[in-house]
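Please read the structure below before turning to the comments.
The values are calculated or read from the model by the stated rules, or taken from the named source; none is laboratory data. Treat the numbers as computed from the prediction; the structure is a model and nothing was measured. Every residue, glycine among them, receives a Cβ derived from its backbone with ideal geometry; neighbour counts consider all protein chains shown.
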Amino acid sequence: MNTQNIEALIFDLDGTLYDKKNIVLNTLKSHWREIPILHASNRLRKALKGVDLESSEKFHETFYSRIAGTAGRRKATIEHWYQKKFYPRFIRALKKKYRARNNLIPTLEKLQRILPMAVFSDYSYVPERLHALKIPKEYFSFMAGSEEYGVLKPSARPLLEIAAKLGVSPEKVLVVGDRDDTDGEAARMAGMMFYHIAGPEHWDRFIEDMLQLTEERGQNG
């Protein structure tokens, strides 16, 4: 990969900065009665991929209402489950069962000296989830979930707004993610570069490329 044009990095979180194998199972644990709600949530997320609802408020209004209708629950019940049960369990599962990918943290330490970096996830509570994974939040100039923008991946709008916050033109941003259909498609629509982490070997190659970049920039600096 030609690293010369990279002036900022935007990382996906789940499946990219850590291996998310069995994350749903570890989040649910023994709460099996909630499986219908989770299934309804996942189906709705697929249906809403790239549908721009313009704001966090409109997104959550649609999200809670439609899950409630599908699962046969009250909207307030779904909202309480999502914010007070699902996300806290998600964060606890990360803290207990998961860790950052190999060599991530020392590489971030070097990268943050030469490039602004952001984390952009399809799920919320990004700072809390990074903390659970023991990934220092201080390495990132910006952290957000797509729900906060009112549109799930693969929409270009959040990426373009993040690039503007970082002060970097889109064509000089590298998006790093594990899904080509969401992270990759969003990057392409935004006119950004994309690095696909399709497996451990791709992660190792990415780390090598980034370390080479830090060496080149260090020498040039």
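Descriptive notes on the structure:
- Selection of region 131-154 for residues being of a type in the set (A, V, I, L, M) and either closer than 17 Å to Tyr87 by Cβ or surrounded by fewer than 20 Cβ atoms within 10 Å (Cβ to Cβ) (or both) yields Ala132, Leu133, Met143, Ala144, Leu152.
- Filtered residue count, region 85-98, keeping only those that are buried (at least 16 other Cβ atoms within 10 Å of the Cβ) and out of contact with any helix residue (DSSP H, G or I) (no Cβ under 6 Å at 6 or more places or on another chain): 3
- Those residues of region 152-178 which are part of a strand (DSSP E or B) and either touching a Ser or Thr at 6+ places or on another chain (Cβ under 9 Å) or at positive phi (or both), in sequence order: Leu152, Leu174, Val176, Gly177
- Lone unmet requirement of (1) more than 20 Å from the chain's Cα centre (by Cα); (2) in the same structural domain as Ala190 (by TED's automatic domain parsing) for Asp12: (1)
- Residue count for region 114-129 satisfying the condition of being within 23 Å of Pro170 (Cα to Cα) and either modelled with pLDDT under 95 or not charged (D, E, K, R) (or both): 10.
- Selection of region 54-84 for residues being free of Cβ contacts under 8 Å to residues at least 60 places away in the same chain, loosely packed, with under 14 Cβ neighbours inside 10 Å, of a type in the set (Lys, Arg) and assigned to a helix (DSSP H, G or I) yields only Lys84.
- Contacts under 8 angstrom Cβ, first residue in region 184-203 being within 17 Å of Leu13 (Cβ to Cβ), partner β-branched (Val, Ile, Thr) and part of a loop (DSSP other than H, G, I, E, B), 6 or more apart: Ile197/Thr16; Trp203/Ile197
- Residues being part of a loop (DSSP other than H, G, I, E, B) and under 20 Å from Leu108 (Cα atoms) - total across region 179-197: 1
- In region 166-221, the residues that are under 15 Å from the mean Cα position of the chain (by Cα) and β-branched (Val, Ile, Thr): Val175, Val176, Thr182, Ile197
- Members of region 98-107 found to be in a helix (DSSP H, G or I) and either within 16 Å of the chain's Cα centre (by Cα) or not assigned by TED's automatic domain parsing to the domain that holds Gln212 (or both), listed by number: Leu104
- Counting the residues of region 141-160 that are among the small types (Gly, Ala, Ser) and under 11 Å from Asp12 (Cα atoms) gives 3.
- Flag if Arg92 is touching a strand residue (DSSP E or B) at 6+ places or on another chain (Cβ under 7 Å) and either under 25 Å from Trp203 (Cα atoms) or assigned to a helix (DSSP H, G or I) (or both): no
- Qualifying position, being surrounded by 15 or more Cβ atoms within 10 Å (Cβ to Cβ) and at pLDDT below 95, among Arg217, Arg188, Arg179: Arg217
- Subset of region 20-35 that is more than 21 Å from Gly199 (Cα to Cα) and not in a helix (DSSP H, G or I) - its residue that is nearest to the chain's Cα centre (by Cα): Lys29
- Unique match (being modelled with pLDDT of 95 or more, surrounded by fewer than 18 Cβ atoms within 10 Å (Cβ to Cβ) and under 24 Å from Asp183 (Cβ atoms)) among Asn42, Asn103: Asn103
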